[in-house]
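Data block below; observations after.
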Amino acid sequence: MSWSATLLTLFPEMFPGPLGTSLAGRALREGIWSCEARDIRAQALDRHRTVDDTPFGGGAGMVMRPDVVDAAIAAAMPAGDPRPLIYLTPRGRLLDQALVRQLAAGPGVVLLCGRYEGVDQRVIEARGMIEVSIGDYVLSGGEIGALTLLDACIRLLPGVMGAAESAVEESHSAGLLEYPQYTRPAEWQGRAVPQVLLSGHHAEVARWRRQESEAATRERRPDLWTRTQVAADGAAA
Ligand code: ADE
């Protein structure tokens, strides 16, 4: 059984989009994952195919109706569908690699992509949706968030990446930013590659990379650095 992604969206033509090319595209053609994009508008209840309405309490924009969204979910998920139902929204918990790993290890995902000002809160609660944000900025809809989440999951599916990359993924870089990379030429525009990388001393290279990873994490992502230290202390205790 392939890892299966179902998208509920007003713009089904956005899928698989960029995930039809490169690594994810090859995996899609090989049947490692599957992608079904369903048009929420197909579940509209009236002849105008209305999916949204003005917010109670006033304010700008439009809100997606709970009855239409619920019908779209019912049509997409057979009873007992084991996949988590995720709503992409800037109000959600932040997507991180731990959640990506968890989702990639499961049977797949059903992703609800909102437009307008969002989705009526009652259907979010009634369906037990997991609200997920891909970052602290506002996109014009959930579709690009869904593509991001899918890309992150797909590269972890068995048979998508090479064994070498998968091993790196799991162990040494956990909780740290990557070290900088260099390739030929060894000197470019007067800039030399760090000497240690040309030395052939594997232990020295590993030590240098570890230092670079830690320094970059401390400087650029103090939040991540603190969490990583706390996790390391917990593991040592
Ligand atoms: N929809 C709009 N903004 C979003 C975000 N940051 N993450 C996920 N879905 C969104």
message = Given (1) under 26 Å from residue 24 (Cβ atoms); (2) out of contact with any Asp or Glu (no Cβ under 9 Å at 6 or more places or on another chain), identify the lone condition not met by residue 214.
response = (1)
task = Working only within the range 60-100, note down all residues that are within 16 Å of the ligand (Cβ to nearest atom), more than 15 Å from residue 128 (Cα to Cα) and among the β-branched types (Val, Ile, Thr).
result = 63, 100
query = Does residue 131 count as assigned to a strand (DSSP E or B), in the same structural domain as residue 61 (by TED's automatic domain parsing) and either among the acidic types (Asp, Glu) or more than 16 Å from the ligand (Cβ to nearest atom) (or both)?
reply = yes
note = All conditions in (1) within 30 Å of residue 35 (Cα to Cα); (2) over 20 Å from the mean Cα position of the chain (by Cα) are true of residue 196 except (1)
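If only one of 150, 157 is buried (at least 16 other Cβ atoms within 10 Å of the Cβ) and away from the ligand (no atom under 16 Å from the Cβ), which one is it? Talk me through it step by step, then tell me what you get.
On the way: 150 fails: away from the ligand (no atom under 16 Å from the Cβ).
None of the other options fit; the residue is 157.
The values are calculated or read from the model by the stated rules, or taken from the named source; none is laboratory data. Predicted model only: the values in this text are computed from it and were never measured. Here the Cβ is made from the backbone with ideal geometry for all residues, glycine too, and neighbour counts use every protein chain on show.
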